[in-house]
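See structure below.
The values are calculated or read from the model by the stated rules, or taken from the named source; none is laboratory data. These numbers were taken from a predicted model, which means no experiment stands behind them. Every residue, glycine among them, receives a Cβ derived from its backbone with ideal geometry; neighbour counts consider all protein chains shown. Accessible surface is based on the protein model in full, side chains and every heavy atom, while ligands, DNA and RNA are left aside. Shrake-Rupley method; radii C 1.70, N 1.55, O 1.52, S 1.80 Å.
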Amino acid sequence: MRTIKAKFTIGFILIFGSLLLLLNVVVGIFLRNNNDSVIQSEMESFMNHSNVFVRQTFLVNGKNNEQEAFAALAPEIVQDLCDVTGGSVAAYDNDGMLIQASSTAAFEGADYEDMKNALSYKLSFTIVQEGNKVRAYFAFPVMVAGEKVGILRFCKPYQDLYAQST
């Protein structure tokens, strides 16, 4: 009689243990997808506001949609966007050469897909996890009057967002 009771208890524990493990995995996947969605939404917002800001900066300064004008205005653009976004911002020319950065350390050695895609007229972001630090890099081509004048790239920490989901 005890053996049946013991087998039933062990089976019960194994079933519930397996279900709890499965639930933990599913919730973890859901939280990671949610974090990626939050980052993507924020990055798209950065892009939309940044494009409007760059076009306004060009208009205010009487510049044409030229790469040279973007390079000349890059220090002002980078600083203003850095202040607004709370992350690091960098401006690149159409060949991917750094023009100006709010923090060069944030972008040194950060050769990720986001930058490669921006060179090909695509926007994308890359999430980098190193220990307990999580950063998102987001790069996109800057278009003024239908012309690509350069590339803007953002780097923003997200360890607080990921810490909430662990």
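Anything in segment 114-148 that is in a strand (DSSP E or B), among the small types (Gly, Ala, Ser) and over 16 Å from Gly87 (Cβ atoms)? List them, or say none. Explain how you work it out, then say what you get.
Within segment 114-148, the first condition is being in a strand (DSSP E or B), and the residues that meet it are 124-130, 133-144, 147-148.
Of the ones still in play, those that are also among the small types (Gly, Ala, Ser) are 124, 136, 139.
Selection gives Ser124 alone.
When both residues are 6+ apart or on different chains and their Cβ atoms are under 8 Å apart, which pairs have a first residue that lies in segment 123-147 and is over 18 Å from Ser37 (Cα atoms) and among the polar types (S, T, N, Q), and a second that is at pLDDT below 85 and open to solvent by 10 Å² or more (accessible area, probe 1.4 Å)?
Pairs found: Asn132/Gln159; Asn132/Ala163.
Please state which one of Ser88, Ser45 is open to solvent by less than 80 Å² (accessible area, probe 1.4 Å) and modelled with pLDDT under 85.
On the way: Ser88 fails: modelled with pLDDT under 85.
Among Ser88, Ser45, only Ser45 is open to solvent by less than 80 Å² (accessible area, probe 1.4 Å) and modelled with pLDDT under 85.
Please verify whether Ala110 is assigned to a loop (DSSP other than H, G, I, E, B) and farther than 18 Å from Glu147 by Cα, treating the condition exactly as stated. Step through it out loud before you land on a result.
Values: assigned to a loop (DSSP other than H, G, I, E, B): yes; farther than 18 Å from Glu147 by Cα: yes.
Taking the combined requirement at face value, the residue satisfies it.
So the check is Cβ under 9 Å with 6+ separation or different chains; which pairs have a first residue in segment 45-63 that's over 15 Å from Val78 (Cα atoms) and a second one that's crowded, with 17+ Cβ neighbours inside 10 Å?
That search, which allows pairs on different chains as well, returns Asn61/Ala69; Asn61/Leu73; Lys63/Thr57; Lys63/Ala69; Lys63/Phe70; Lys63/Leu73; Lys63/Val144.
Filter segment 48-67 for residues that are part of a loop (DSSP other than H, G, I, E, B) and open to solvent by less than 90 Å² (accessible area, probe 1.4 Å) and give the result.
Step one: of segment 48-67, the residues part of a loop (DSSP other than H, G, I, E, B) are 61-66.
Asn61, Gly62, Lys63, Asn65, Glu66, listed by residue number.
Any idea which residue in segment 123-143 is nearest to Glu42 (Cα to Cα), counting only those that are out of contact with any Lys or Arg (no Cβ under 9 Å at 6 or more places or on another chain) and open to solvent by 70 Å² or more (accessible area, probe 1.4 Å)?
Selected residue: Leu123.
Return yes or no: is Ile151 open to solvent by 20 Å² or more (accessible area, probe 1.4 Å) and in contact with a helix residue (DSSP H, G or I) (Cβ under 9 Å, 6 or more places away or on another chain)? First the steps, then the outcome.
Working: open to solvent by 20 Å² or more (accessible area, probe 1.4 Å): no; in contact with a helix residue (DSSP H, G or I) (Cβ under 9 Å, 6 or more places away or on another chain): yes.
Judged against the criteria, Ile151 is not a match.
Output the residue which, of all residues in segment 127-166 that are modelled with pLDDT under 85, of a type in the set (Ser, Thr, Tyr) and under 15 Å from the mean Cα position of the chain (by Cα), is nearest to Ala106 (Cα to Cα).
Filtering first and then ranking leaves Tyr158.
Given the conditions (1) of a type in the set (Phe, Trp, Tyr); (2) in contact with a helix residue (DSSP H, G or I) (Cβ under 8 Å, 6 or more places away or on another chain); (3) not in a helix (DSSP H, G or I), report the number of the one that Phe70 does not fulfil.
(3)
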